[in-house]
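To start, the structure under review is shown below, and the notes come after it.
The values are calculated or read from the model by the stated rules, or taken from the named source; none is laboratory data. Computed from a predicted structure; not experimentally measured. Because the Cβ atoms are built from the backbone with ideal geometry, glycine has one as well, and the counts that use them run over all protein chains shown. With ligands, DNA and RNA removed, areas are computed over all heavy atoms of the protein, side chains included. Shrake-Rupley method; radii C 1.70, N 1.55, O 1.52, S 1.80 Å.
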Amino acid sequence: MLKNPRFRLLLGAALISFSPVYVALVSVPATTSAFYRVAFGSIALVLWLLVRGGFKLPRLSVSMILIAAAFMFAADLWFWHRSIIYVGPGLSTLLGNFQVFFMTLAGIVLFGQKPRAVQLIAIPLAFVGLALIVGIDWSALTADYKAGIVFGLLTAVSYAAYMLLFRQAQSLTRTTSADGLPTRELALVSIASALMLGAVAGAEGESLAIPTLSDGLWLVAYAVLAHVFGWLFIASSLAHVPAALIGLSLLLQPMLSFVWDILLFDRPIVARELFGASLVLFGIWLGSRQTE
């Protein structure tokens with residue numbers, strides 16, 4: 001079944017949907033769990049490259065762009081892991097997927113692209129859905145919940161910047177790993193992000209110690225299943241499936257993350273929140289239709 005690109009796409013989205021679950025399950029600080037995602041992930045990616053034909057560094061100009069991408073990816077994880085802790089896996093992942101709208105904004109401001117009408121509808125639609133989830137009265141929310149929402153939106157901004165930089169790096173080199181994927185670039189981003197997050201953890205006074213065996217196993221699963229295999233399955237399928245299916249399939253990540261939040265962490269849910277989540281997902285899908 002892994003030879004079927006549609007199955008790989010769906011499997012990759014499902015694997016990534018567990019990312020916030022791993023963060024919520026471990027008993028380490030937010031920066032520490034972010035560090036181990038990219039640290040363990042970079043080890044797995046480098047081993048994959050060595051097995052598949054070797055690991056050759058790109059030229060300096062590309063490496064500098066990848067370092068900038070790593071900075072934004074480290075920021076993305078720093079914000080997202082805190083959002084997960086404050087508002088839960090489901091809402092934090094929905095907020096992170098607002099990166100679709102910041103990518104649209106970047107296209108308009110930086111590249112002079114004309115937005116499609118459907119995209120202009122998608123943005124307010126998604127924010128209306130968000131308001132239904134969190135409630136209209138902002139002052140009634142706790143300080144931590146407000147911070148979680150802000151961190152979630154900053155996650156989206158950081159991830160959009162990371163994607164733009166990563167794509168720029170890919171456009172400057174035609175060399176990929178033996179499997180035809182930019183695995184080398186992701187490995188370099190992972191290594192640099194790990195170094196950055198390790199330094200941040202030290203500055204924050206957070207320990208990188210893994211307190212229990214179960215924490216260690218969850219962190220390894222997070223890095224290998226979500227960060228490495230989830231990404232590889234998705235990346236290997238994108239060129240072989242219709243664009244419409246890509247947009248719908250990748251919505252599995254925020255949708256399933258919301259489901260896991262309800263099932264695994266007993267998140268209370270009412271009809272208003274379900275309708276709001278549906279609006280957010282529909283808005284994200286509309287906003288992602290720019291490639292069709």
Placing unit charges on C-beta atoms (Lys and Arg positive, Asp and Glu negative, everything else neutral), compute the dipole magnitude of segment 115-203 about its Cα centre in debye, rounded to 20. 300 debye
Got a sec? Charge dipole of segment 95-182, +1 on Cβ for Lys and Arg, -1 for Asp and Glu; which of Phe151, Leu110, Ser139 is way out at the positive end? Leu110
Kindly report the accessible area of the chain per residue (heavy atoms of protein chains, probe 1.4 Å, no ligands, DNA or RNA), in Å². 46 Å²
Among all the aspartates and glutamates, which ones have a C-alpha under 17 Å from Lys146's C-alpha, if same-chain residues fewer than 8 places away are not counted? Asp137, Glu273
When the accessible area of segment 1-43 is split by element with a 1.4 Å probe, what percent falls to carbon and sulfur? 69 percent
Only helical DSSP H runs with n ≥ 4 go in: add -39500 (n - 2.57) per run for the chain, normalise by residue count and round the 222 nm mean residue ellipticity to 500 deg cm²/dmol. -24500 deg cm²/dmol
Regarding segment 1-126, what are the three Cα extents along the principal axes, ordered largest first, in Å? 47, 40, 36
Using the Cα atoms of segment 130-215 to build a convex hull, what is its mean projected area in square nanometres? 9.7 nm²
Could you give the size of the charge dipole of the chain about its Cα centre, using +1 on the Cβ of each K and R and -1 on the Cβ of each D and E, expressed in debye and rounded to the nearest 20? 1000 debye
D (Stokes-Einstein, µm²/s), Kirkwood Cα radius, the chain, 0.890 mPa s at 25 °C: 126 µm²/s
Test of understanding: given the chain, find the longest segment containing no trypsin sites (Lys or Arg not before Pro) that are in a DSSP loop and have at most 11 other Cβ atoms within 10 Å. 175-292
Dipole of the chain (Lys/Arg Cβ +1, Asp/Glu Cβ -1, origin at the Cα centre): which of Met72, Leu9, Val38 lies farthest to the positive side? Leu9
